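S.K.: First, the structure itself, so that you have it in front of you.
The values are calculated or read from the model by the stated rules, or taken from the named source; none is laboratory data. Only a predicted model underlies this, so the values are computations on that prediction, with no experimental measurement involved. Virtual Cβ from ideal backbone geometry, glycine too; neighbours counted across all protein chains shown. To get the accessible areas, we keep the full protein, side chains included, count just its heavy atoms, and leave off ligands, DNA and RNA. Shrake-Rupley method; radii C 1.70, N 1.55, O 1.52, S 1.80 Å.
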Amino acid sequence: MTTLAVDIGGTKIAAAVCDENDTIVQRWRVPTPMDADAINQNIAKVYNEAIAAGHTDIQAIGISAAGNVGADRKTMTFAANIPAWINYNLSENVGALINHAVPVVVENDANCAGWGEYVHGAGQGSRNMVALTVGTGLGGAIVINGELYRGSFGMAAELGHLPMVPDGDHCGCGLRGCAERYTSGTSLENFAKSAIRRRPQDAKRLLELCDGDITKLEGPMVSQAAQEGDVLGLYAFNKIGEWLGRTMAATAAVLDPDIFVIGGGVVAVGDILLEPARYNYTRFLEGSAYRGHAKIVAATAGQDAGLIGAANLALR
């Protein structure tokens, strides 16, 4: 018994056939078109190629997609990068191209990555887990009593849009002051650029990395500088770590999880991010001195977490 998992990213569609243990046995990668019909065609093409390669026991297709997924696990209610994905039945449109040979299950990408961590990564053994993905934005996934929590309308775990700062920075969602405006790869770059402008005397290393043009400063450069001990690089990580801790404390006031699993590219620096996050989680946690504290750990399932999660969830 196998499953075809599909992860639709901003630039590429990654796909994999996974066995009954969610182990990847064959991979595909194709560019992501911005046209919805072309995306459907690419997924159907991968499915047909998988069948032709001998994977005739595929039981379901699990799709991990960036955007809001309805409670039916079929419909994209909204996606920022694909204009056609507004109340768009992705499951039906893909299914029609393969003659509805197998069920097509759609999940939010952060939910898939979080579930991948729960079943095969750092969240294993926990009962109540919150996963946070620190990337371009801030994604979230919630597991309660061993089950992925989607909410009544499929919109649970949008933790990047917790309102953290009244009348704060504008967010792409249309609101202001959302958590992801202060905890993300984008905010890391913004904190570093602001620090360079305020403290140019301390900015030698960051300016070297961006060839003196701070408009070209990117997150990996800030990460490199921080790992080298650069004071402004460390400052930028302390800032997003502070806001990550605040976000986790606010989440714990509602959900009281036993573990937070932190993923995404930014977490590659390890304790440079996690230590200020842990400190500020404790600092802003309600009743901190009189309650148990959740573990705060780095994700371990790697870049395949979304595919693994999509495969596992498709059969549930």
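S.K.: Compute the distance from the alpha-carbon center of the range 275-311 to that of the range 1-74, in whole Å.
M.R.: 29
S.K.: I'd like to know which of LEU255, ILE142, ALA157 lies farthest towards the positive end of the charge dipole of the range 125-300, counting +1 on Cβ of Lys and Arg and -1 on Cβ of Asp and Glu.
M.R.: Looking along the dipole axis, the top candidate is LEU255.
S.K.: Further question on the same structure: In nm, give the distance between the simple-model label positions of ARG198 and ALA253, each being 7 Å from the Cα along the Cα-to-Cβ direction.
M.R.: Simple spin-label model gives 2.5 nm for this pair.
S.K.: What size of dipole, in debye to the nearest 20, comes out for the chain about its Cα centre when the only charges are +1 on Lys and Arg C-beta atoms and -1 on Asp and Glu C-beta atoms? Present the calculation step by step, with values, prior to reporting the outcome.
M.R.: Values: 24 positive and 33 negative charges, 130 e Å.
Charge dipole, the chain, about its Cα centre: 620 debye, nearest 20.
S.K.: Put +1 on the Cβ of each Lys and Arg and -1 on the Cβ of each Asp and Glu in the chain; which of LEU207, GLY185, ALA5 then has its Cα farthest toward the positive end of the dipole?
M.R.: Of the candidates, LEU207 comes out farthest on the positive side.
S.K.: Measure off, as a whole percent, the carbon and sulfur share of the 1.4 Å-probe accessible area of the range 125-300, all protein chains present.
M.R.: Values: 4270 of 8310 Å².
So the carbon and sulfur contribution to the accessible surface is 51 percent.
S.K.: Cβ neighbours within 10 Å, averaged per peptide: list 207-219, 44-56, 101-113 in order, most packed at the top.
M.R.: Values: 207-219: 13.9, 44-56: 15.5, 101-113: 24.2.
For the peptides 207-219, 44-56, 101-113, the packing ranking is 101-113, 44-56, 207-219.
S.K.: Follow-up question, since we're still on this one. Test of understanding: what is the full-extension gain from GLU228 to ALA80, defined as 0.36 nm times their sequence separation minus their Cα-Cα distance?
M.R.: 49.7 nm
S.K.: Between ALA71 and GLN303, what is the label-to-label distance in nm when each label sits 7 Å out along the Cα-to-Cβ direction?
M.R.: 3.7
S.K.: So what is Rg over Rh here for the chain, counting just Cα atoms and using Kirkwood for Rh?
M.R.: On the way: Rg = 20.2 Å, Rh = 20.3 Å.
Reported Rg/Rh (Cα atoms, Kirkwood Rh): 1.00.
S.K.: Among HIS120, HIS293, HIS100, whose mean-square fluctuation peaks in a Gaussian network model of the chain (Cα, cutoff 10 Å)?
M.R.: Largest GNM mean-square fluctuation: HIS100.
S.K.: Of LYS45/LYS74; LYS12/LYS74; LYS74/LYS216; LYS45/LYS216; LYS216/LYS239; LYS239/LYS295, which ones are farther than 28 Å apart at the Cα? It would help to have the intermediate numbers written out before the result.
M.R.: Numbers: LYS45/LYS74 19 Å; LYS12/LYS74 21 Å; LYS74/LYS216 39 Å; LYS45/LYS216 38 Å; LYS216/LYS239 20 Å; LYS239/LYS295 20 Å.
Pairs exceeding the cut-off: LYS74/LYS216; LYS45/LYS216.
S.K.: Still on this structure, please answer the following. At 18 Å minimum axial length over the Cα atoms and a Kyte-Doolittle cut of 0.5, report the qualifying DSSP H helices in the chain, or say none. Intermediate values should be presented prior to the final figure.
M.R.: Details: long enough: 36-52 (24 Å, 0.03); 185-198 (20 Å, -0.56); 231-255 (35 Å, 0.86); 271-284 (19 Å, -0.55).
Both cut-offs are met by 231-255.
S.K.: Students sometimes get this wrong: rank SER194, SER152, SER184 by accessible area, probe 1.4 Å, all chains present, largest first. Before the final figure, lay out each step's value.
M.R.: Values: SER194 45, SER152 95, SER184 0 Å².
Correct descending sequence by accessible area is SER152, SER194, SER184.
S.K.: Counting only the heavy atoms of the protein chains, how much of MET1 is accessible to a 1.4 Å probe, in Å² to the nearest 10?
M.R.: Only protein atoms counted, so the area is about 110 Å².
S.K.: Here's something else I'd like to know. Points 7 angstrom from Cα along the Cβ direction at ARG27 and ASP167: gap in nanometres?
M.R.: 4.9
S.K.: Full-extension gain between LYS295 and LEU315, please, as 0.36 nm times their residue separation minus the C-alpha to C-alpha distance. Walk me through the intermediate numbers first.
M.R.: Values: separation 20, 0.36 × 20 = 7.20 nm, distance 2.92 nm.
4.3 nm is the gain from fully extending LYS295 to LEU315.
S.K.: Antiparallel as a % of all DSSP beta bridges within the chain, to the nearest 5?
M.R.: Working: 27 of 47 bridges.
Around 55 percent of the beta bridges assigned by DSSP in the chain are antiparallel ones.
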